[in-house]
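Undergrad: Here it is: the structure, laid out below.
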Amino acid sequence: MNENITREKILDLLDTVEHPEIACSLPELGMILDVALEGDLVHVAIALPMPNIMDSVRLKIEQDIADKFQVLNLELQAEYFPMLPEVREKFFSLARTKWKGTV
């Protein structure tokens, strides 16, 4: 593992990953709960606004994150959690104003 890769660098990288259907980054939407580095593996805890999110959206989010990590020779391990109600409210508010279409 490259010693220059820090948790902060990973979080900065995630700031550049946009939701596939909403013109906002995943952190802006409250979707990134936590990250942890373990060698070349990055554990990312992702909050979902609803449990029945379409597989195409979830897979696109994972692929977009994995593509960003690949540049740093890192591997993604995604884990999903339900979004807290107050975060979900902000998520849907942003979704209504910044919707860009279906994957």
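The values are calculated or read from the model by the stated rules, or taken from the named source; none is laboratory data. Keep in mind it's a predicted model, so treat the numbers as computed, not measured. Methodologically, a virtual Cβ is constructed for each residue, glycine included, from the backbone with ideal geometry; neighbour enumeration extends over all protein chains shown.
Undergrad: Determine, yes or no, whether residue 42 is modelled with pLDDT of 95 or more and among the aliphatic types (A, V, I, L, M).
TA: Considered against the rule, which asks whether it is modelled with pLDDT of 95 or more and among the aliphatic types (A, V, I, L, M), residue 42 comes out as yes.
Undergrad: Still on this structure, please answer the following. Within the stretch 36-43, does at least one residue satisfy the condition of being among the acidic types (Asp, Glu) and surrounded by 12 or more Cβ atoms within 10 Å (Cβ to Cβ)?
TA: yes
Undergrad: Here's another thing I want to ask about it. Scan the stretch 42-58 and tell me whether some residue there is farther than 25 Å from residue 98 by Cα and of a type in the set (Asp, Glu).
TA: No, that holds for no residue.
Undergrad: Search the stretch 44-94 for residues being in a strand (DSSP E or B) and in contact with a helix residue (DSSP H, G or I) (Cβ under 8 Å, 6 or more places away or on another chain), and hand back the single one that is surrounded by the most Cβ atoms within 10 Å (Cβ to Cβ).
TA: By that ranking, first place goes to 44.
Undergrad: Still on this structure, I have one more. Could you check how many residues of the stretch 22-42 are more than 11 Å from the chain's Cα centre (by Cα), of a type outside the set (Val, Ile, Thr) and assigned to a strand (DSSP E or B)?
TA: Counting residues in the stretch 22-42 that are more than 11 Å from the chain's Cα centre (by Cα), of a type outside the set (Val, Ile, Thr) and assigned to a strand (DSSP E or B) gives 4.
Undergrad: Taking the stretch 45-68 as the region of interest, how many residues are hydrophobic (A, V, I, L, M, F, W, C) and over 12 Å from the mean Cα position of the chain (by Cα)?
TA: Looking only at that region, the number is 3.
Undergrad: Tell me, please, whether a residue that is part of a strand (DSSP E or B), of a type outside the set (Phe, Trp, Tyr) and modelled with pLDDT of 95 or more can be found in the stretch 6-21.
TA: Scanning the stretch 6-21 turns up at least one residue that is part of a strand (DSSP E or B), of a type outside the set (Phe, Trp, Tyr) and modelled with pLDDT of 95 or more.
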